[in-house]
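Colleague: Before I ask anything, here is the structure I am working with.
The values are calculated or read from the model by the stated rules, or taken from the named source; none is laboratory data. As the structure is a prediction and not an experimental result, all values here were calculated from the model. Neighbour counts are summed over all protein chains in view; Cβ atoms, including those assigned to glycine, are modelled from backbone coordinates with ideal geometry. Each accessible area value is taken on the protein alone, full model and side chains, heavy atoms only, with ligands, DNA and RNA left out. Shrake-Rupley method; radii C 1.70, N 1.55, O 1.52, S 1.80 Å.
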Amino acid sequence: MRHSTIVVFLFGLTLLAFGAFPESVNGQEAPRTLIQANAPGWITVHWEHTGQDVYWFEVHRQDPPYTENSFVFLAKSVNRADSLTDKNLKADTTYKYRVCAVYASSWTCADWVSVRTLSPPPPSSGGSSGGAPPPSARKPAPAPPPKIIGSNDFNDDGHGDILWHNASTGESQIWFMSGSSRIGRATILDGARPTFIGPPWSIVGSRDFNEDGKTDLLWHNSSSGETQIWHMNGHKVSDRATVLGENGSAAFVGLPWSIVGTNTMNGYGNRKPDIIWHNSSSGETQIWNMDDHRVRGRATVLGENGSPAFVGLPWSIVGTNDFNHDGTADILWHNSSTGETQIWNVNRDGNGGYRVSSRATVLGENGSAALVGLPWSIVGTNDFNQDGKGDILWYNSSTGETQIWFMNGRSVVRRATVDADLDGGGALVGPPWSIMNH
């Protein structure tokens, strides 16, 4: 087996070590691995595998001084895509990890990946010499910055990810991202099995509905009008819950209403995601205030003059995010005739409703309106570069290219095509795959 290249990235407090595909042995493919140091003494091993006839997978670790052919057996799993967190390690210490695919009469292992655990935080300064300050003199540590409202981060590494669905097979797949680069993929699993879901069900959003720090999936059934939340643990389904109305019964809603987004519309005081609906007949936009899978209230979005804002074609809602960084998600619209993209800055109106405070056309790098039409379309928003500001995700239906507009409020700072340089394989994807609106 030839050694592959190892690339190490440092983003804030997260260290990622990523190994390319080793060469397969007799056609038996080695697992694809992603090793992540995310806390002092904690390392997480992710893997995925697309080969056949694998009995199980094993995770191994080598401790210093890395004796040849000596390793610690950590875990055994039958899942083709899975992860393991190795805890209670020494801080600021380098460990080696690999994942092996076990076949009937042999095994094939990914190359060893070296990862260094994070250093512990420095001791507090101040107080009397020779020790920590007394409790009364200690200042509380600053809280970590909250994730941007509207960020979909399935593997909790701080980077926004991209969700795909295959209209032919019903498979849903997550692209784990680092900026504009894909660093791994995982199929959505229910237990140990991939989930294959097709019409009349479709994915209409993804947010952390139960506030466990993990992004969940929102589905809608176009036949029955049922809306369902899949509570997720990374790429695995934990449980499902039907959305209930204020009376505790299932809320069945169909055309001309449709779900066009989900996000936290209540600001920093309430970070629970809400559901945004649009009525294609009347042009009304309505927000369902949610408490996990229960509707607590509904409110029509009002314009600047306090009257309901009725908007129809050629305008359509294509995303939601906090573009002006005021703690409340905004609504992103696109005009299919002119190619204009517009942000509605939305705030609470003091009466339990929602009101547009201002509107702004998205500007390109040159300061002029960024007018873009087919074959490009907006397929979602996210914070891809960890700057705390919502970015816009575009897809080209002719070329299969996915492109990120990195934003500063209403202005495009730069654009980047999504690549798979760190993951192997291509990033140009066409039907039957499509990106699910975030």
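Colleague: Among the residues that make up segment 322-341, is at least one of them open to solvent by 30 Å² or more (accessible area, probe 1.4 Å) and assigned to a strand (DSSP E or B)?
Modeller: Here is the first cut: in segment 322-341, the ones open to solvent by 30 Å² or more (accessible area, probe 1.4 Å) are 324-326, 336-338, 340.
Restricting the remaining residues to those that are assigned to a strand (DSSP E or B) gives none.
No, there is no match, as no residue in segment 322-341 is open to solvent by 30 Å² or more (accessible area, probe 1.4 Å) and assigned to a strand (DSSP E or B).
Colleague: Here is a follow-up. Among the listed residues ALA241, ALA186, which satisfies the condition of being under 28 Å from LEU255 (Cβ atoms) and in contact (Cβ under 8 Å) with a residue 40 or more places away in the chain?
Modeller: ALA241
Colleague: Taking strands (runs of 3 or more DSSP E) that do not extend beyond segment 121-237, which have at least 1 residues that are modelled with pLDDT of 90 or more and open to solvent by 50 Å² or more (accessible area, probe 1.4 Å)? So that I can check it myself, show each step before the final result.
Modeller: On the way: elements: 162-166, 172-178, 181-187, 201-207, 216-221, 227-233.
Counting at least 1 such residues, we get 181-187, 201-207, 227-233.
Colleague: Taking the conditions exactly as written (touching an Asp or Glu at 6+ places or on another chain (Cβ under 9 Å), surrounded by fewer than 18 Cβ atoms within 10 Å (Cβ to Cβ) and under 23 Å from LEU34 (Cβ atoms)), does LEU428 satisfy them or not? Give the derivation first.
Modeller: On the way: touching an Asp or Glu at 6+ places or on another chain (Cβ under 9 Å): yes; surrounded by fewer than 18 Cβ atoms within 10 Å (Cβ to Cβ): yes; under 23 Å from LEU34 (Cβ atoms): yes.
In short, yes.
Colleague: Just one of VAL413, VAL318 is modelled with pLDDT of 95 or more, surrounded by fewer than 20 Cβ atoms within 10 Å (Cβ to Cβ), among the β-branched types (Val, Ile, Thr) and assigned to a strand (DSSP E or B); which is it?
Modeller: None of the others qualify; the one that does is VAL413.
Colleague: What number goes with the only condition from (1) under 27 Å from LYS236 (Cα atoms); (2) of a type outside the set (Val, Ile, Thr); (3) exposed (fewer than 15 other Cβ atoms within 10 Å of the Cβ); (4) within 29 Å of the chain's Cα centre (by Cα) that ASP92 does not pass?
Modeller: Answer for ASP92: the failing condition is (1).
Colleague: Taking ASP419 and the conditions (1) open to solvent by 30 Å² or more (accessible area, probe 1.4 Å); (2) touching a residue at least 24 places away in the same chain (Cβ under 8 Å); (3) more than 25 Å from the chain's Cα centre (by Cα), which numbered condition does it fall short on, given that it satisfies the others?
Modeller: (3)
Colleague: Which condition from (1) closer than 28 Å to GLY160 by Cβ; (2) open to solvent by 30 Å² or more (accessible area, probe 1.4 Å); (3) hydrophobic (A, V, I, L, M, F, W, C) is the one that PHE310 breaks?
Modeller: Failed condition: (1).
Colleague: The conditions are (1) open to solvent by 30 Å² or more (accessible area, probe 1.4 Å); (2) part of a strand (DSSP E or B); (3) modelled with pLDDT of 95 or more, and ARG296 fails exactly one of them. Which is it?
Modeller: (3)
Colleague: If you check ASN289 against the conditions, is it farther than 19 Å from ASN221 by Cα, modelled with pLDDT under 95 and open to solvent by 30 Å² or more (accessible area, probe 1.4 Å)?
Modeller: Details: farther than 19 Å from ASN221 by Cα: yes; modelled with pLDDT under 95: yes; open to solvent by 30 Å² or more (accessible area, probe 1.4 Å): no.
When the stated conditions are applied, ASN289 does not pass them.
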